[in-house]
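The values are calculated or read from the model by the stated rules, or taken from the named source; none is laboratory data. Because the structure is a prediction, the values reported are computed rather than measured. Every residue, glycine as well, gets a Cβ built from its backbone with ideal geometry; the counts of neighbours run over all protein chains shown. SASA here: full protein model, heavy atoms, side chains in, ligands and nucleic acids out. Shrake-Rupley method; radii C 1.70, N 1.55, O 1.52, S 1.80 Å.
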Amino acid sequence: MRILLLPAVLLVTAPAACPATQHPQSDPAFRAEQLRYPRVREAYAQYQEPVRQLLRHHGLVPERLELFVRAFKIGRRVEVWGRNAGAGPFGLLRTFALAGTSGTLGPKRRAGDGQIPEGFYAINRFNPNSQYLLSLGLDYPNAADQLCIAPGLDPGDNIFVHGSNETIGCLPITDAGIRELYVLAVEARAAGQFSIPVHIFPFELTPDQLARRSASPHQAFWQELAPGYQYFETHHRLPTVTVAAAGAYVVH
């Protein structure tokens, strides 16, 4: 994720309309490089044709594929949305069950707390030899996390979407799930999407759901996330998100 330092805010470009999601050029060599790994080849052998059929069903062209991933702790699901790059709203392609959870509701604020992060992130690395089969790394801690974590505390790192059903702060979607998602993500990366946005929410951030949890110590943080959730719900397009100097998310 590229972060631009501005006088008043930190601009977080990747979750929204950043240049990386506009597919400046395709990168088929990335697919070829990934296919050097046996686990990726196995995933393609199993899911290449189903993925092609899925994309055709939704009118998507692999060479223009753009993805967005959204996860919810309550409801335990990981949604994968797609569109042809820069062309209209996203459509829901697949929903994977979140096969395991750890921690509680609320953001991740230190190493070892077991928390799954909440906020606006991006997939920025691919691991074809993961401890959990295959994995897709998130850019945690992002700019907001780094500003909100108490001085001297280690925020932790290495948050992934991965296989299996085990987790200490990551998003496991089973081995079958990660094989399919990994193929989709490699295809999007080969098409030129260098950063895949990932929004992680505690639950659907509707006014009613927020009101039910008004006593939570995380209420103010969730109110920062809610406009991003609501914007995508309304438009099926990604919001523009900035991070204020104090670390709060600001959705435009």
Matching residues in the range 213-240 - criterion: being outside any loop (DSSP other than H, G, I, E, B), more than 21 Å from the chain's Cα centre (by Cα) and more than 22 Å from THR101 (Cα to Cα): ALA220
What are the pairs with Cβ atoms under 6 angstrom where one residue, in the range 72-88, is farther than 21 Å from HIS162 by Cβ and the other, located anywhere, is acidic (Asp, Glu)? Sequence gap at least six, or different chains. ARG83/GLU66; ALA85/GLU66
Can you find even one residue in the range 145-158 that is more than 27 Å from LEU238 (Cβ to Cβ), free of Cβ contacts under 8 Å to residues at least 60 places away in the same chain, in a helix (DSSP H, G or I) and small (Gly, Ala, Ser)? no
Of the residues in the range 94-119, those that are more than 17 Å from the chain's Cα centre (by Cα) and touching a residue at least 60 places away in the same chain (Cβ under 8 Å) come to SER102, GLY103, LEU105
Answer with yes or no whether PRO38 is of a type outside the set (Val, Ile, Thr) and touching a His at 6+ places or on another chain (Cβ under 6 Å). no
Tell me yes or no: at least one residue of the range 179-186 is open to solvent by less than 40 Å² (accessible area, probe 1.4 Å), touching a residue at least 60 places away in the same chain (Cβ under 8 Å), aliphatic (A, V, I, L, M) and assigned to a loop (DSSP other than H, G, I, E, B). no
